[in-house]
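In what follows, a structure is listed as structure tokens, so that the remarks can point back to it.
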Amino acid sequence: QVQLVESGGGLVQPGGSLRLSCAASGSISGIYVMGWYRQAPGKQRELVSTIISGGTTNYADAVKGRFTISRDNAKNTVSLQMNSLKPDDTAVYYCNAVKANYIYWGQGTQVTVSS
């Protein structure tokens, strides 16, 4: 089992920045992909960004150039730096980890972008 705990959400004004962090614990050996997804009210959960163990990253078109994902394999953490935030970025953000055939999720952290 892998446990994921997110932190760093909150309320920010449009154009502002937030940094989300996710700490993995438990049976963490062999985690291949870590990433972030988000779910806005009334919408399906969608990919934000992923990073594989070798460092290759992937971003949704909506966040390219504004968000940056990073991973610290030694500390078993993945972070998401979010800049130039827009109201459309408002959602619950979920940390995700893939190990073998299993997908693990954190409990989510709320990000609200509003003036």
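Given their separation in residues at 0.36 nm each and the Cα-Cα distance between them, residue 29 and residue 72 gain 14.1 nm when the chain is fully extended. Were the residues from residue 86 through residue 3 laid out at 0.36 nm apart, the gain over their Cα-Cα distance would be 26.9 nm.
GNM remark for the chain: springs join alpha carbons under 10 Å apart, and the peak mean-square fluctuation among 62, 97, 74 falls on 74. Return the single residue from 101, 76, 58 with maximal mean-square fluctuation; model: Gaussian network over the chain, springs between Cα atoms under 10 Å. For the chain, modelled as a Gaussian network with Cα springs under 10 Å, the answer is 101. Simple point charges give the picture: +1 on the Cβ of Lys and Arg, -1 on the Cβ of Asp and Glu, and for the chain a dipole about the Cα centre of about 60 debye. Give me the distance between the Cα centres of segment 72-115 and segment 23-38, rounded to whole Å. Going from one Cα centre to the other spans 11 Å. Close Lys pairs in segment 1-104 (alpha-carbon distance under 24 Å; sequence gap of 8 or more, or different chains): 4. Cα-based values for segment 1-52, radius of gyration first and Dmax second, are 13.4, 38 Å.
Both numbers refer to the Cα atoms of the chain; Rg and Dmax are 13.4, 42 Å.
Taking 7 Å steps out from each Cα toward its Cβ at residue 19 and residue 52 produces label points 2.7 nm apart. Across every pair of non-identical alpha carbons in segment 56-104, the mean reciprocal distance, once inverted, gives a Kirkwood radius of 12.6 Å. Solvent exposure of residue 2, expressed as accessible area, is near 10 Å², computed with a probe of 1.4 Å over the protein chains only.
If you sort 27, 79 by accessible surface, 1.4 Å probe, largest first, the order is 27, 79.
Residues considered: 38, 66, 19. Largest GNM mean-square fluctuation over the chain, using C-alpha springs under 10 Å, is found at 66.
The values are calculated or read from the model by the stated rules, or taken from the named source; none is laboratory data. Everything quoted here is computed from the prediction, not taken from an experiment. Please note: Cβ atoms are built from the backbone with ideal geometry, for glycine as well, and neighbour counts cover all protein chains shown. In case anyone asks, the SASA skips ligands and DNA or RNA and just uses the protein heavy atoms, side chains included. Shrake-Rupley method; radii C 1.70, N 1.55, O 1.52, S 1.80 Å.
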